[in-house]
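This structure is in structure tokens; I'll ask about it shortly.
The values are calculated or read from the model by the stated rules, or taken from the named source; none is laboratory data. A quick note: this is a predicted structure, and the numbers were derived from the prediction, not measured. Reconstructed Cβ throughout: ideal geometry from the backbone, glycine too, with neighbour counts over all protein chains shown. Quick note on the areas: whole protein, heavy atoms, side chains included, nothing else; ligands and nucleic acids left out. Shrake-Rupley method; radii C 1.70, N 1.55, O 1.52, S 1.80 Å.
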Amino acid sequence: MNARRVVVLEYGSGNVRSAVRALERVGAEVELTADVTAVAEADGLVVPGVGAFAAVMDGLRSVGAPRMIDRRLAGGRPVLGICVGLQVLFTSSAEHRTEGEDGSAGLDEWSGVVERLEAPVVPHMGWSTVEPPAGSALFAGIEDERFYFVHSYAARSAPDFVSVTWSQHGHTRFVAAAENGPLCATQFHPEKSGDAGAELLRNWLGTLS
């Protein structure tokens, strides 16, 4: 089988080179770019996200990413969000929200609000187990593994049509990953999650056509 061509979206996010290297290690042909043609033609698009929700959204808008993501999904073309790249797929975030405001607007691919974790220690930083649903494509063979998280906010619910993998930090049960046809995302960092993360990326590449 020919190597799958994957674009990691370049929009000024933090260190995305680790994501590029992780995908290359599992056999993908990877390009780091925001070129419209490259994004449209790639077998898969990875949307990384590090830092504040609003800053990530500003970066995405600066390169026209909302439209590029919409066009890919409309054509059934796979997209994988990572960390804040998962959060921005929801309607909005409570991060930096003041009283009376709706918070930062997201891409609204999935309805819901990203909220601050309720836990004795925030951010949630370290390895945690997850609870994938039966038949998950992303977690096939790695259902009982641990993955590496670094975040202070998370989605606590998702629409019924989304297949959700759950995790727990403190008092908050949150969306650790989500699968919805061509659109998938993880709150944790697969590129920092060792062999389990590599296997998840390999599983995702296996869904590309």
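Sorting check: for 17-26, 147-156, which peptide has the highest mean count of neighbouring beta carbons within 10 Å, and how do the rest follow? Kindly include the intermediate steps, with their values, before the conclusion.
Values: 17-26: 17.2, 147-156: 20.2.
Those peptides, ordered most packed to least, come out 147-156, 17-26.
Further, regarding this structure: Round to a whole number: what % of the accessible area of the chain belongs to carbon and sulfur, probe 1.4 Å? Kindly include the intermediate steps, with their values, before the conclusion.
Details: 4290 of 9340 Å².
The C+S portion of the solvent-accessible surface of the chain is 46 percent.
If I model a spin label at residue 35 and residue 96 as a point 7 Å from the Cα along the Cα→Cβ vector, what separation in nanometres do I get?
3.2 nm
I'd like the accessible area for residue 129, computed on protein heavy atoms only with a 1.4 Å probe and all protein chains in place. Round to 10 Å², please.
80 Å²
Which of the three applies to the chain, rounded, prolate or oblate, going by the alpha-carbon gyration tensor with a ≥ b ≥ c and a/c under 1.5 meaning rounded?
On the way: a/c = 1.58, a/b = 1.17, b/c = 1.35.
Since a/c reaches 1.5 but b/c is at least a/b, the shape of the chain is classed as oblate.
Ignoring ligands, DNA and RNA, what accessible area per residue does the stretch 6-135 give at 1.4 Å, in Å²? Spell out each step's value before the answer.
Numbers: 5960 Å² over 130 residues.
Accessible surface, normalised per residue, equals 46 Å².
While we're here: What list of ³J(HN,Hα) couplings, whole Hz, do you get for the stretch 8-19 from phi and the Karplus terms 6.51, -1.76, 1.60, once you set θ to phi - 60° and write x for glycine and proline?
Karplus-based 3J(HN,Hα) across the stretch 8-19 equals 8, 5, 9, 9, x, 5, x, 5, 9, 4, 5, 5 Hz.
While we're looking at this one, here's another question. Among 144, 58, 160, which one moves the most in a GNM of the chain with springs linking Cα atoms closer than 10 Å?
160
Tell me what the chain gives for mean residue ellipticity at 222 nm when only DSSP H runs of n ≥ 4 count, each as -39,500 (n - 2.57), the sum divided by the residue total, rounded to 500 deg cm²/dmol. It would help to have the intermediate numbers written out before the result.
Working: 6 runs with 53 residues, N = 209.
Value at 222 nm, helices only, nearest 500: -7000 deg cm²/dmol.
Still on this structure, please answer the following. Compute the separation of the alpha-carbon centres of the stretch 136-154 and the stretch 1-23 and state it in Å as a whole number.
19 Å
Going highest first, how would you order 172-183, 82-93, 63-74 by mean Cβ packing within 10 Å?
Going from most to least packed, we get 82-93, 172-183, 63-74.
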